[in-house]
Amino acid sequence: MMFWRSVVGKLWFTILLLVSVVLLVLTVLLLEYFERFHTEQAESELTDHAALLVTFLETETTGNGALEMSETISATYASNAVLIGEDNYWYTANRDEHNLPIDLFFEEPEFQEVTEDRETIVTQGNYAVTEEASEIMIVGMPVTFSDGEEGSLFLYQPLDVIEEATSQTKQIVFLSAGVAIILTTIFAFFLSSRITAPLRQMRQASLEAAHGNFDTKIPIQTKDEIGLLAMAFNRMGRAIQTNIQAVNEEKEQLSRILSSMADGVLTINRNRELIVTNPPADTFLEAFRFESKESETNLPPVLEELFKEVLNRGEEVVSETTVQGRTWVILMTPLYGENVIRGAVAVLRDMTEERQHDKLRKDFIANVSHELRTPISMLQGYSEAIVDGIAETEAEKKEMAGIIYDESLRIGRLVNELLDLARMEAGYLSLHREEIHLGEFTEKMVRKFQVVAKEQDVNLHYDLETPERAVFYADADRLEQVATNLIDNAIRHTGEDGDIYFRVRLIDSELLLEVEDTGAGIPEEDLPFIFERFYKADKARTRGRAGTGLGLAIVKNIIDAHGGTVAAHSHHGEGTTFQVRLPEYKEERK
């Protein structure tokens, strides 16, 4: 069944059918022609023989001799003759079974045209020579004997010879047609197979191309239309491969761009299905699904509403939403296909840091104003008291001058710390690394805060877990500033009879500083922000003098400049531990 559906089968069957129809028509025409040819030839020969007999009878003066000669001639040409005179008739054949009845020549109207009208006739028909009727051709001619008697000559011959010749001709024609059909079948199959061989190769190549293999080449064997088709197919394969390579490169480039974008990008089709997303967009979707406990197939409601608005308005829309504490700005633009919106592309920007920066900037102004307002108010108040003469005694004046001096130092310290922090954040912090003896450094820091700790009723402990005479390369002043800020914070946030542990360790050439206290601790929600400028936890937990809120920010910038890390771990009501890790310094050699 597959053979008849193939091009080979169809082409072979078409050629065979066409040749068969032509041979059938040609066979019918040839058979008709040869049958007419044999009949006309027999008619012509029989007419010539009859004319010869008539000529001989009209010139022969001897009656018996004329009859004998007529019999000899008719027998020679396998025919019989009947001579009909005015009073008598003669047969040339001696056997009665080969003779036609004499009455036939007098009764048939067409024979009467010879006997009565003296005309020549040629006819054929079924006449009974024997018991069975057979096809006989009869030629009738009028005769005038040499003695002046008028008569008629009828020369007849059975058509068996013509039918035999016609049968042989039919056999030859049929045999020739059969041979022609067989040769045509072989030739048609060979021709169709040769013509369709490149087509089969093209089919195989197209199947391989459908699977992504465009390296298959079709051999060009001819210069005809099929060869041109093979050349066009090879050219098409190269063009498709080039275009696909360009598309893949563009797709990879687009994928790299999407993956490297800080903003989230996602594409939605008209069925509200997500088509393309990048990592920031996946982060947004995961946060939404975690917060709303929705399935992965559902589109976030904010995107659903924006998409409806895009479909209705046909222009880009902007919205802002908050998911898991993070602020996202969404810009959605329609995608058109043949003047119909086929989807939309949404750009999601995480504005959390910008919002936090705005808040920090506002808080910074408020905190600076707050930190400066108190000492300035005190400066103004005590200065007015001295100017107005409220302080009458010298002791009161000295006390007020001392307060003014302390507050001016506080303002100077705040300004200096702000300048240091600004230089650090601007990248102007220069480190002077030198050899630091860790044992001496630890004892120096403990001695520095021993008196303050006793005044605050806090127990200050230290633990030095380093090899003897261990050294570390860092900026000594900056490292002392880090330890000072951390220990000072611990003392101010630790209650009476509390403990503070200052640990210095050298682990695999890495310096580890730890300051642990047993104070009130830091709430978990405040931990991510303690290194921000002017950020303070609950000020009610602070004992003694208040800080400026810049110490931990300075600590972080100093540690970052050293290439280290600083972290805080705290449990509310149990205390806080600050850990500083500094990597080994390797001096660059030129």
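The values are calculated or read from the model by the stated rules, or taken from the named source; none is laboratory data. On a predicted model such as this, the values are computed, not experimentally measured, just so you know. Positions of Cβ are backbone-derived with ideal geometry, glycine not excepted, and every protein chain shown enters the neighbour counts. Please note that ligands, DNA and RNA were not included when accessible areas were found on the heavy atoms of the full protein model with its side chains. Shrake-Rupley method; radii C 1.70, N 1.55, O 1.52, S 1.80 Å.
Can you tell me which residue within the range 330-342, out of those that are touching an Asp or Glu at 6+ places or on another chain (Cβ under 9 Å) and open to solvent by less than 30 Å² (accessible area, probe 1.4 Å), is nearest to Pro280 (Cα to Cα)? Write out each step before concluding.
Step one: list which residues in the range 330-342 are touching an Asp or Glu at 6+ places or on another chain (Cβ under 9 Å), which gives 330-334.
After this cut, where a residue has to be open to solvent by less than 30 Å² (accessible area, probe 1.4 Å) as well, the list is 330, 332, 334.
Details: Ile330: 12, Met332: 16, Pro334: 21 Å.
Restricting to residues being touching an Asp or Glu at 6+ places or on another chain (Cβ under 9 Å) and open to solvent by less than 30 Å² (accessible area, probe 1.4 Å), the top hit is Ile330.
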Counting only residues in the range 556-578 that are farther than 18 Å from Ala476 by Cα, open to solvent by less than 90 Å² (accessible area, probe 1.4 Å) and of a type outside the set (Val, Ile, Thr), the one modelled with the lowest pLDDT is identified as Gly573
Considering (1) modelled with pLDDT of 80 or more; (2) farther than 30 Å from Tyr33 by Cβ; (3) within 59 Å of the chain's Cα centre (by Cα), say which one Val143 fails and leave the rest.
(3)
Top-ranked residue in the range 266-276 [being within 15 Å of Pro300 (Cβ to Cβ) and out of contact with any helix residue (DSSP H, G or I) (no Cβ under 7 Å at 6 or more places or on another chain); ranked as most open to solvent (accessible area, probe 1.4 Å)]
Glu273
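Ala188: closer than 30 Å to Phe34 by Cβ and in a helix (DSSP H, G or I), yes or no? It would help to see each step written out before you state the result.
Working: closer than 30 Å to Phe34 by Cβ: yes; in a helix (DSSP H, G or I): yes.
It is true that Ala188 is closer than 30 Å to Phe34 by Cβ and in a helix (DSSP H, G or I).
I'd like to know if the range 223-246 contains one or more residues that are part of a loop (DSSP other than H, G, I, E, B) and at pLDDT below 80.
Here is the first cut: in the range 223-246, the ones part of a loop (DSSP other than H, G, I, E, B) are 223-224.
Those still in the list that are at pLDDT below 80 too: 223-224.
Yes, some residue in the range 223-246 is part of a loop (DSSP other than H, G, I, E, B) and at pLDDT below 80.
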In this structure, does Thr169 turn out to be surrounded by 13 or more Cβ atoms within 10 Å (Cβ to Cβ), over 30 Å from Glu32 (Cβ atoms) and β-branched (Val, Ile, Thr)?
no
From Leu360, Leu414, residue being modelled with pLDDT under 80, closer than 20 Å to Asp488 by Cβ and surrounded by 16 or more Cβ atoms within 10 Å (Cβ to Cβ):
Leu414
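Would you check which residues across the range 233-265 are more than 30 Å from Leu331 (Cβ to Cβ) and either in contact with a strand residue (DSSP E or B) (Cβ under 9 Å, 6 or more places away or on another chain) or surrounded by 12 or more Cβ atoms within 10 Å (Cβ to Cβ) (or both) and list them? I'd like the intermediate steps shown before the answer.
Initial filter on the range 233-265 (more than 30 Å from Leu331 (Cβ to Cβ)): 233-245.
Of everything in the range 233-265, those that are more than 30 Å from Leu331 (Cβ to Cβ) and either in contact with a strand residue (DSSP E or B) (Cβ under 9 Å, 6 or more places away or on another chain) or surrounded by 12 or more Cβ atoms within 10 Å (Cβ to Cβ) (or both) turn out to be Phe233, Asn234, Met236, Gly237, Arg238, Ile240, Gln241, Ile244.
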